[in-house]
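So the structure is just underneath, and the comments pick up after that.
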Amino acid sequence: MKKKMTTVAFNGTAEQLAKLDELIAKHKGEKGALMPILQGAQGIYGYLPIEVQKHIALSMDVPLSEVYGVATFYSQFILNPKGEYAVAVCLGTACYVKGAGLLMDKLESLLGIKNGEISDDRKFSLDATRCIGACGLAPVLTVNEEVYGRLTPDMIKGILDKYNK
Amino acid sequence: MIKNVAELTAIRDTYANKIHFRKHDAGAEVSDGNIKKHVLICGGTGCTSSKSVQIKAKMEEAIKEAGIQDEVQVVLTGCFGLCALGPIVIVYPEGTFYSRIEIKDAETIVKEHLVGGNPVKSLLYSETVKGDEILSLNETAFYKKQKRVALRNCGVVDPECINEYIGTNGYMALAKVVTEMTPDEVINTILESGIRGRGGGGFPTGRKWMFAAAQPKGQKYVVCNGDEGDPGAFMDRSILEGDPHALIEAMTIAGYAIGANQGYVYVRAEYPIAVNRLQAAIDAARREGLLGKNIFGTDFEFDMQIRLGAGAFVCGEETALLTSIEGNRGEPRPRPPFPAVKGLFGKPTIINNVETYANIPQIILKGADWFKSMGTEKSKGTKVFALGGKITNTGLVEIPMGTTLREVVEEIGGGIPNGKKFKAAQTGGPSGGCIPASKYDVEIDYDNLIAQGSMMGSGGLIVMDEDTCMVDLAKFFLEFTVDESCGKCAPCRIGTVRLLEILTKITEGNGEMEDLDKLEELANYIKSASLCGLGQTAPNPVLSTLANFRDEYIAHIVDKKCPAGVCKNLFTYKIDLDKCMGCGLCAKQCPADAISRTDYVAEGHKLASMQIDASKCVKCGACLPSCKKFNAIYKG
Ligand SMILES: Cc1cc2nc3c(=O)[nH]c(=O)nc-3n(C[C@H](O)[C@H](O)[C@H](O)COP(=O)(O)O)c2cc1C
Ligand code: SF4
Ligand code: SF4
Ligand code: FES
Ligand code: FES
């Protein structure tokens, strides 16, 4: 998926940084170390802010472009923090054909954020995913681990209300 | 620890009974000791999403309460195929088929069916209820025309129990191979069967194995491609979830055939259930000595590992996949050298798709002639498809090659819902193309689909009805390939973006007729100049929709209309003043205050009709369902 850099301010802690340095020290010099370091860093921060990528690049003595290149290549890596409730709409073919695009439109208008963004209070984030294997329930969306299927746009509000309390 | 074939056979004989119990055609005389009923609950991704795991827990609780825990075995299986009806519960030996079960139904089924002996009719799949008679699932239209080879154990065995797999003759093929056959004989059987790769390319599997086997002795690898990049498909995932041992057995057989002792399975990290079950299966196989050293007491050894993909479509391309396993940005490498000569870590490697492997043990046990007896002249065997889109029976189906598209959609798939008409089916995902209604009777096999400008692909089959806009669909796939192009070569990286720009222009109503020629020219250029299969096939959705639905493109360009009512710039919502009853329900739904009352009262109506102010309407579509009853709102 296309990745945009986040507009959310970075607020990493010293503790997180210490963990990151430890992680880098452990893998430094290994062949193909970048992947596990990025995976680990995402585990520490929940996403890969550009500040963290810069730190990794400097510590490993590789160009930032290489770090950024791998981070943006694989969809597992996310450059935006997730909200308390991470809403993800499946835009796999089966769901798209059954109107998942309309679900996305509805979510964008109700949440006031676009695909790939997070709300100011960090409560909701909105993303698109690809087939989650539940095509039988298409179109589907997930909120954190919970799966909602056989949806129509008019059901979106009710779902969000559950989390808006 | 299974040390020899005799021990394997003993387990097989014990557990075969259990498996027979779950085969309706085995007849009622099959017994399983004290156990009177098997309750199979689907643990595929679809049904898990609708809480099948919680249903299982509730069921077990109720069974305990009823005190029948010694008479009932509850099994969490892989996907049954009919995901549209999930969560699914099947009770054997009757084979009664419960659909769309909710947690609260668990108790009812236990009380009335398991204890009382009366199936709960109201919860059964309606197709299986014929008056007083209850049919088993094998008698439904969905299952009748299928031929399950790769999926034979999905929805039948407990994927986390190696003994159940052995009960289906599991690991018998491996036993036969290592104790009775030479590597050449194995390869010849595979060659002779005519099986072609199920991952998309359709390359003869036996030939691939032969090339790798012919390389000088030394380190070689067996790799399984479980990347499943098609964004609307879940066949490989279902096999991994439902029958992981079949893959392990097949890869071990491949290792024996080409002289490799190490395997890698590349699976998406996004498939947690598949990854966990496969890992559990690998561990179990190791414990039983079916992986590791001295398999069946011979000096053949083989072991395997899972490698997690981090999610990139291009990593499904075989050379990119190998680069990714090596720990790099997964970019394709030029071929030749082919992986069979210089593959993983520079060593001879065979790489096959999950479904390809799932067929191998059966071919070894039942023989090449059996396999060849299914399918068409140049495409042998069966193919699994993930049916999706505008079709009643969304799910997984396995059909003999040569089955027509019409049979798959109308008979097995149960047709198009809501009385709509079939418009086209897309196969091959973003690399494939569409097959229009005029080619509904095409016999599905590798070559016929290519002749239609599409391809078999890995098995995604998306059905579209009159409400799908083909230009929008082409744009949807192009957006996908633009995102997924690895960027290594310019024709793909830049060309697909240009294609998408032109398509966007057309769907927004700014297209010109000469854009169609530009699309074609550019598409053909990208096809011929890209390095890997991603770029070489990326323009296919554009070319095939252009070839089959040119009039739809023209409607967008010349009439500035989207006939399917999808492209937002090219239609407006309108209210038919004479149909409108003036109830005003639609206006309540409208977030934009675009709906107001006119002073026109249609003949015979009491209230004045409503109207939509096109300048205010944001085309959210919210008003449409509110007028289901009178059908006065339409797109035009
Ligand atoms: C862009 C691209 C994506 C692919 N994705 C997959 C995939 O997801 N799964 C797969 O098995 N093969 C995929 N393939 C095909 C593989 O390159 C390769 O042909 C296949 O894994 C070989 O196995 P088979 O002969 O058993 O089909 C893809 C090819 C290309 C060009
Ligand atoms: S064709 Fe596309 S995906 Fe393939 S190597 Fe070129 S840029 Fe990468
Ligand atoms: S489509 Fe949406 S904005 Fe337009 S009239 Fe209907 S409800 Fe209002
Ligand atoms: S396409 Fe959405 S779940 Fe498969
Ligand atoms: S996931 Fe349950 S039937 Fe497919």
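Tabulated results
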quantity: Number of the condition not met by B:Gly242 [criteria: (1) over 28 Å from B:Glu484 (Cα atoms); (2) open to solvent by less than 10 Å² (accessible area, probe 1.4 Å); (3) away from chain A (no Cβ under 14 Å); (4) more than 11 Å from ligand 1 (Cβ to nearest atom)]; calculated: (3)
quantity: Residue within region B:60-70 that is more than 20 Å from B:Tyr92 (Cα to Cα), more than 16 Å from ligand 3 (Cβ to nearest atom) and more than 14 Å from chain A (Cβ to nearest Cβ) present; calculated: yes
quantity: Subset of region B:388-400 (residues that are open to solvent by less than 10 Å² (accessible area, probe 1.4 Å) and either more than 14 Å from chain A (Cβ to nearest Cβ) or closer than 13 Å to B:Gln146 by Cα (or both)); calculated: B:Gly395, B:Leu396, B:Val397, B:Glu398, B:Ile399
quantity: In region A:109-130, the residues that are within 11 Å of chain B (Cβ to nearest Cβ) and under 16 Å from the mean Cα position of the chain (by Cα); calculated: A:Ala128, A:Thr129, A:Arg130
quantity: Subset of region B:373-399 (residues that are β-branched (Val, Ile, Thr) and not in a strand (DSSP E or B)); calculated: B:Thr376, B:Ile391, B:Thr392, B:Thr394
quantity: Wholly enclosed helices (runs of 4 or more DSSP H) of region B:521-636 bearing at least 1 residues away from ligand 3 (no atom under 16 Å from the Cβ) and at pLDDT below 90; calculated: none
quantity: Residue match in region B:212-229 (condition: open to solvent by less than 10 Å² (accessible area, probe 1.4 Å), part of a helix (DSSP H, G or I), more than 14 Å from every other protein chain (Cβ to nearest Cβ) and away from ligand 3 (no atom under 16 Å from the Cβ)); calculated: yes
quantity: Subset of region B:468-497 (residues that are in a loop (DSSP other than H, G, I, E, B) and touching a Lys or Arg at 6+ places or on another chain (Cβ under 7 Å)); calculated: B:Thr468, B:Ser485, B:Gly487
quantity: Boolean, B:Thr349 is polar (S, T, N, Q), over 28 Å from A:Tyr96 (Cα atoms) and within 16 Å of ligand 1 (Cβ to nearest atom); calculated: yes
quantity: Inter-residue pairs, beta-carbon under 8 Å, first closer than 19 Å to B:Lys208 by Cα and in region B:315-342, second open to solvent by 10 Å² or more (accessible area, probe 1.4 Å) and within 16 Å of ligand 5 (Cβ to nearest atom), 6+ apart; calculated: B:Gly316/B:Glu228
quantity: Listing of helices (runs of 4 or more DSSP H) fully contained in region B:1-82 that carry 1 or more residues being closer than 30 Å to A:Thr142 by Cβ and either within 16 Å of ligand 2 (Cβ to nearest atom) or in contact (Cβ under 8 Å) with a residue 12 or more places away in the chain (or both); calculated: B:45-49, B:52-65
quantity: For A:Lys162: the one exception among (1) within 12 Å of chain B (Cβ to nearest Cβ); (2) open to solvent by 60 Å² or more (accessible area, probe 1.4 Å); (3) closer than 30 Å to B:Leu82 by Cβ; calculated: (1)
quantity: Candidates B:Gly433, B:Gly415, B:Gly487, filtered to the one that is farther than 30 Å from B:Lys378 by Cα and of a type in the set (Gly, Ala, Ser); calculated: B:Gly487
quantity: Selection status of B:Arg237, in a helix (DSSP H, G or I), closer than 22 Å to B:Met456 by Cβ and among the charged types (D, E, K, R); calculated: yes
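For every residue, the table says whether it meets (1) within 14 Å of another protein chain (Cβ to nearest Cβ); (2) among the small types (Gly, Ala, Ser).
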| residue | (1), (2) |
| --- | --- |
| B:Ala285 | no, yes |
| B:Gly292 | no, yes |
| B:Ile295 | no, no |
| B:Ile306 | no, no |
| B:Arg333 | no, no |
| B:Leu344 | yes, no |
| B:Pro348 | no, no |
| B:Ile351 | no, no |
| B:Leu365 | no, no |
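The values are calculated or read from the model by the stated rules, or taken from the named source; none is laboratory data. Just so it is clear, the structure is predicted and the values come from calculations on it, not from any experiment. Don't worry about glycine lacking a Cβ; one is built from the backbone with ideal geometry, like all the others, and counts go over all protein chains shown. The accessibility values were calculated without ligands, DNA or RNA, using every heavy atom of the protein model including side chains. Shrake-Rupley method; radii C 1.70, N 1.55, O 1.52, S 1.80 Å.
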